[in-house]
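One structure below.
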Ligand SMILES: [Zn+2]
């Protein structure tokens, strides 16, 4: 006799950067004291225009076909997305549950980005307008099949 079990089912959501909550980015504040913005870190070297465009394309293909984000992210290859190096790594992270950007904005008075804050900063710095975030939906999984 076990109680209900819960599982997160993930799905992609395409969002305007402008619609995401503001980010308090401590890493950026610390680093900018030391170095100019463009050399900040590996996230600031990623081509977020190309990465976000590829992510949006993959999310738009995955959703109508019912492909879960885990599988869509696992299927990325240099040939399928046209990226390599740090860019393809960034794309993989962006599209993988738990590594993607996650936002809690259900309550309009308590909205925040709780995963991917520095990536949001880097995208905003690069002037990217839209990207893909991941949203979990909790599903009750029955432990007793009939
Ligand atoms: Zn940075």
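The values are calculated or read from the model by the stated rules, or taken from the named source; none is laboratory data. Here the structure is a predicted model, which is why all the values come from computation and not from measurement. So basically every Cβ, Gly included, is an ideal-geometry build from the backbone, and we count neighbours across all protein chains shown.
Filter the stretch 73-102 down to the residues that are away from the ligand (no atom under 16 Å from the Cβ), on the phi < 0 side of the Ramachandran plot and within 13 Å of the chain's Cα centre (by Cα) and list them by number. Even if it seems obvious, please write down each step before you answer.
Just the residues of the stretch 73-102 that are away from the ligand (no atom under 16 Å from the Cβ), to begin with: 73-85, 88, 91-92, 95-100, 102.
Now drop any that are not on the phi < 0 side of the Ramachandran plot, which leaves 73-81, 83-84, 88, 91-92, 95-97, 99-100, 102.
Scanning the stretch 73-102 gives 73, 91, 92, 95, 96, 97, 99, 100, 102.
Quick check: anything in the stretch 138-146 out of contact with any helix residue (DSSP H, G or I) (no Cβ under 6 Å at 6 or more places or on another chain), surrounded by 14 or more Cβ atoms within 10 Å (Cβ to Cβ) and either assigned to a loop (DSSP other than H, G, I, E, B) or in contact (Cβ under 8 Å) with a residue 40 or more places away in the chain (or both)? Full working, then the answer.
Filtering the stretch 138-146 for residues out of contact with any helix residue (DSSP H, G or I) (no Cβ under 6 Å at 6 or more places or on another chain) gives 138-146.
If we keep only those that are surrounded by 14 or more Cβ atoms within 10 Å (Cβ to Cβ) as well, we get none.
No; the residues of the stretch 138-146 include none that is out of contact with any helix residue (DSSP H, G or I) (no Cβ under 6 Å at 6 or more places or on another chain), surrounded by 14 or more Cβ atoms within 10 Å (Cβ to Cβ) and either assigned to a loop (DSSP other than H, G, I, E, B) or in contact (Cβ under 8 Å) with a residue 40 or more places away in the chain (or both).
Working only within the stretch 54-72, note down all residues that are part of a loop (DSSP other than H, G, I, E, B) and either within 16 Å of the ligand (Cβ to nearest atom) or without any contact (Cβ under 8 Å) to a residue 40 or more places away in the chain (or both).
From the stretch 54-72, those part of a loop (DSSP other than H, G, I, E, B) are 66-68; that's our starting set.
Passing the criteria: 66, 67.
Would you mind telling me which numbered condition in (1) touching a residue at least 60 places away in the same chain (Cβ under 8 Å); (2) within 24 Å of residue 26 (Cβ to Cβ); (3) buried (at least 17 other Cβ atoms within 10 Å of the Cβ); (4) in contact with a helix residue (DSSP H, G or I) (Cβ under 8 Å, 6 or more places away or on another chain) residue 90 fails?
For residue 90, the exception is condition (1).
Could you pull out the residue among 46, 51 that is within 14 Å of the ligand (Cβ to nearest atom) and at pLDDT 95 or above?
Working: 51 fails: within 14 Å of the ligand (Cβ to nearest atom).
From the options 46, 51, the qualifying one is 46.
Looking at residue 26, is it modelled with pLDDT under 95 and either surrounded by fewer than 13 Cβ atoms within 10 Å (Cβ to Cβ) or touching a helix residue (DSSP H, G or I) at 6+ places or on another chain (Cβ under 9 Å) (or both)?
Numbers: modelled with pLDDT under 95: yes; either surrounded by fewer than 13 Cβ atoms within 10 Å (Cβ to Cβ) or touching a helix residue (DSSP H, G or I) at 6+ places or on another chain (Cβ under 9 Å) (or both): yes.
The answer is yes for residue 26.
Would you call residue 32 surrounded by 14 or more Cβ atoms within 10 Å (Cβ to Cβ), within 16 Å of the ligand (Cβ to nearest atom) and at pLDDT below 95? Reasoning before the result, please.
Details: surrounded by 14 or more Cβ atoms within 10 Å (Cβ to Cβ): no; within 16 Å of the ligand (Cβ to nearest atom): yes; at pLDDT below 95: yes.
Considered against the rule, which asks whether it is surrounded by 14 or more Cβ atoms within 10 Å (Cβ to Cβ), within 16 Å of the ligand (Cβ to nearest atom) and at pLDDT below 95, residue 32 comes out as no.
Across the stretch 103-126, what is the number of residues that are closer than 16 Å to residue 19 by Cβ and either crowded, with 18+ Cβ neighbours inside 10 Å or within 15 Å of the ligand (Cβ to nearest atom) (or both)?
Summing the residues that are closer than 16 Å to residue 19 by Cβ and either crowded, with 18+ Cβ neighbours inside 10 Å or within 15 Å of the ligand (Cβ to nearest atom) (or both) in the stretch 103-126 gives 9.
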